[in-house]
Amino acid sequence: MGRRFLPIAIAMVVLLLPTSALAGGEVNLFLGKRDIDDNFLEFLNVESPQEIGIELTFGHQWPVAIAIDYFQADDDGTYYSYRLDAEVQQLAVGVRYLFRKDKTVVPFIGGGLASIQGELSAQGQGSVDDSTIGYWIQGGVNFRIGRFFNLGLDLRSTHAEIELDDVLDVEVGGLSYGVLVGFRWGA
C-alpha cells in the first residue's frame, strides 16, 4: 500500500524543478508528531505517532507560492494477541503564502487538497487499507539562517475519512506539529 505516493512525489518534484529554479523556492524536512482525530490508532494506545515529511515550496517570486508536500505517520501496537501496524500517508498539493519574504523571520500560511491513505495490518492476518481526498490548512514560521538555510516551526491540520474493510469509518486527518529544517534557492 503505502509506498505508492513516494514515486509520484519524486516525479512531481523533478518535473517542477526547472520552474522552481527560476522562481525561487525551498525544500524543508518536517519532523514531528501527529494527533489523529477520532483516533485511527486509538485501540493501539497510540496518541501521537511520529511523523516525517518533506515540504516543497516554489515560486517565491510569485504572490502565492505552490506547495507540494509528502507526509507519513506510522506506529504499531497490540490488540489482544495480534500485533498491528498502522500507517497514514498523504500527498498534499496547494498554495503557501509567505509573509515578509525578504526578512529573517518569515511567517507562512497554506492550504489545499491531500490524497490520504491509511492502512492497518495484523501479523499473519493480512491488511486493510483505503484512500481518499481531503483538505489541509497550515501555518508556521521559518527563520532564515544565512543565505540558504531555514529552521522553522510548522502546524498543519488535515481532514479526511476512510473506510476500512467496508465496515469501519475512521478519521485519518489530524493535527501535525513539528520542526522544519531546510534549504532555499533563488529569490
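Got a number for residues in the range 94-114 being among the aliphatic types (A, V, I, L, M) and open to solvent by 80 Å² or more (accessible area, probe 1.4 Å)?
The number of residues fulfilling the criteria is 2.
Which residues, taken from the range 141-168, are surrounded by 17 or more Cβ atoms within 10 Å (Cβ to Cβ), more than 30 Å from Y82 (Cα to Cα) and of a type in the set (G, A, S)?
Residues satisfying the conditions are G152, S157.
In the list Q138, Q117, which residue meets the criterion of being within 18 Å of the chain's Cα centre (by Cα) and either open to solvent by 30 Å² or more (accessible area, probe 1.4 Å) or within 22 Å of F183 (Cβ to Cβ) (or both)?
Within the list Q138, Q117, the selection yields Q138.
Quick check on this structure: which one of E51, E47 is among the charged types (D, E, K, R), modelled with pLDDT under 95, under 20 Å from the mean Cα position of the chain (by Cα) and surrounded by 21 or more Cβ atoms within 10 Å (Cβ to Cβ)?
Criteria check complete, one pass: E51.
From the list L180, L151, L164, L175, exactly one residue is without any contact (Cβ under 8 Å) to a residue 60 or more places away in the chain, hydrophobic (A, V, I, L, M, F, W, C) and within 16 Å of I52 (Cα to Cα). Which is it?
L151 is the lone residue from the list that is without any contact (Cβ under 8 Å) to a residue 60 or more places away in the chain, hydrophobic (A, V, I, L, M, F, W, C) and within 16 Å of I52 (Cα to Cα).
Identify the residue in the range 54-73 that is within 14 Å of S176 (Cβ to Cβ) and touching a helix residue (DSSP H, G or I) at 6+ places or on another chain (Cβ under 8 Å) and, among all such residues, is modelled with the lowest pLDDT.
Within the range 54-73, the match that is modelled with the lowest pLDDT is Q72.
The values are calculated or read from the model by the stated rules, or taken from the named source; none is laboratory data. Quick caveat: nothing in here was measured; it's all calculated off a predicted structure. All Cβ positions, even for glycine, are placed from backbone atoms using ideal geometry, and neighbour counts span all protein chains on display. The area values use the complete protein model at the heavy-atom level, side chains included, leaving out ligands, DNA and RNA. Shrake-Rupley method; radii C 1.70, N 1.55, O 1.52, S 1.80 Å.
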